[in-house]
Structures are given as structure tokens and as C-alpha cells.
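Okay, so here's the structure we're looking at.
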Amino acid sequence: MTIWAIGDLHLSFGCPGKEMDKFGPHWVRHFEKIQKDWDDKVAPDDLVLIPGDISWAMHLEEAEKDLAWIAERPGTKVLIKGNHDYWWHSLSKIRKILPPSIHVLGTDAFHYNDISVCGARLWDSQEYTFAPYILISDTGNEKKAAKKDRDIEEDEKIFQREIGRLALGLQALHKDAKIKIVLTHYPPISADLADSTVSKMVEAAGVHHVIFGHLHNVHAGSGEKLFGVKNDVNYQLTSCDFLNFSLLRIIP
């Protein structure tokens, strides 16, 4: 069994007019690139992790076509909410309509064989910034310099609330799991791997991998050191354009 990851799918099958084409030629019909790569290399018993920004839909009914597209792909899929997943309101309602191969995380954990996965969206934080990197963001760090003090304070309140949700998820991880994985949408740590609130939490919980997205104008091979392994935790950016619309093999 293999674990794969890809984030920020930004699908729009249920809401025409919200295609990603405006963000550059590489985004034109990007879902076809993902579909071919996914179908070619993922086996039915594999696990696929999707750390948020799944659909541009505003309502659950609009997101169903995007979820159906994901369900058609091979493997068992685990999803968390991103900052653009406006359709993601009630976890109970979402779970009622989910196809069998898709699982969504709240403050709980998903257990699959010897693997345990939890997650939290997170939010902007003053702990670190990614100003040179973010392209698609409605509350992104690239706007931080222009924000008023009250906006920064509100960001911090949301961030702390997300930290609380992450703490509950970490508690829900199976204590005997051989592989412990955390999904976040926002990066949990700076690109240079300086200590952060989240890094200390996941280290204490014995987590092996933290998978995240949100950053979009970062390019593999740029020569910059972006994330990696810190204190035995592997931090991996999986925004689909960063991965050239190919799933990233996490394990083995």
C-alpha cells in the first residue's frame, strides 16, 4: 500500500465560470492532468490525502460533482477543509452525502490499517510569513503589511481556535499507529523550519508527516530550501501546481 498526497485541487464542476484558467496557462484544464496521473499510479488499496481547497462551490449541492470526481479516482481519500472551501459548513451533512471512498476530518482522526491521520485547517499567523510565495489567497500573508491591527488580532483568534482543533485531532490519533500523519491547509511552519507552535505539538505527539498546501507560486527546482525534515517530522508542501499536478508519494 502507498500513501499519496495532493492539495488545492480547486475543482469547479458544479460551478461553471470558476475555472482556474485565469491563474495562468498551466492551470488550463488542470484537473485532466491530475486525473491522468492519479489514475495511472494509484492502486485501489492506496491512501490519498487532500489537504484542503477542494472545490470552489459555495454550497454543498454544488460541491457534490467535485466530490463525485474525487470518488471516481482510485484509492481511499482523506480530506480536510481549506480556506476556500465555502461549501464546507456542517460536517454531519457532508458525511451523509459522501461516497464511500471519501472521508473528511473534523477534530477526530481517520485510522487505516497501521496509519492514523488527523488534521486542522490552521490560519495566518504572526509566527511566520510566506509573503513571496502566496498567489491564491483571500486572507494571505502577502496582505499582512496592509492589514490593520484589528485584522491581525482577528487572524490570531482564528489561528488559536484552529490550534485547539488540532490538539483534539492529535489526541484522537491511534496511539499504536506505525505511521501518524497530520493534514493542515495552511503551512504549519516556516519554509526554513524554524520552531512553531504546530511543530512543537506534532513532535510531542510522535507525528511522522505533516502534509499541507495553500502556497501557490512556489516552484520545485527554484533553488530555495522549502520545508523538509525537522526533528524526525517530514513537512511536505503538496499544492497541486507545486507538484506539477502530479500526486506526491509520501510512503513508501
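The values are calculated or read from the model by the stated rules, or taken from the named source; none is laboratory data. Bear in mind that the values here come from a model prediction, so they are computed numbers and not experimental data. Cβ sites come from the backbone with ideal geometry, for glycine too, and all protein chains shown count toward neighbours. What goes into the accessible areas is simple: the full protein's heavy atoms, side chains included, and nothing from ligands, DNA or RNA. Shrake-Rupley method; radii C 1.70, N 1.55, O 1.52, S 1.80 Å.
Are any of the residues in region 212-219 crowded, with 19+ Cβ neighbours inside 10 Å, modelled with pLDDT of 95 or more and assigned to a loop (DSSP other than H, G, I, E, B)? Yes, region 212-219 contains a residue that is crowded, with 19+ Cβ neighbours inside 10 Å, modelled with pLDDT of 95 or more and assigned to a loop (DSSP other than H, G, I, E, B).
Criterion first (open to solvent by less than 40 Å² (accessible area, probe 1.4 Å), at pLDDT 95 or above and among the charged types (D, E, K, R)) does Lys230 satisfy it? Even if it seems obvious, please write down each step before you answer.
Values: open to solvent by less than 40 Å² (accessible area, probe 1.4 Å): yes; at pLDDT 95 or above: yes; among the charged types (D, E, K, R): yes.
Criteria met by Lys230.
Does Tyr186 qualify as being of a type in the set (Phe, Trp, Tyr), under 14 Å from Gly119 (Cα atoms) and assigned to a strand (DSSP E or B)? Taking the combined requirement at face value, the residue does not satisfy it.
Within region 74-88, the set of residues being β-branched (Val, Ile, Thr) and over 18 Å from Ala120 (Cβ atoms) comprises just one member, Thr76. Scanning region 3-38 for residues that are among the β-branched types (Val, Ile, Thr) and under 18 Å from the mean Cα position of the chain (by Cα) turns up Ile3, Ile6, Ile34. Counting only residues that are open to solvent by 30 Å² or more (accessible area, probe 1.4 Å) and touching a Pro at 6+ places or on another chain (Cβ under 9 Å), region 233-247 holds 0 of them.
Listed by first and then second residue, the pairs linking a residue in region 183-194 that is closer than 11 Å to Leu226 by Cα and of a type in the set (D, E, K, R) to a residue that is at pLDDT below 95 and part of a loop (DSSP other than H, G, I, E, B), with Cβ atoms under 9 Å apart and 6 or more places separating them unless they lie on different chains, are Asp192/Tyr128; Asp192/Lys225; Asp192/Leu226; Asp192/Phe227. Regarding region 52-60, can at least one residue be identified that is part of a helix (DSSP H, G or I) and within 15 Å of Asn244 (Cβ to Cβ)? Checked against the condition, which is being part of a helix (DSSP H, G or I) and within 15 Å of Asn244 (Cβ to Cβ), region 52-60 yields no hits at all.
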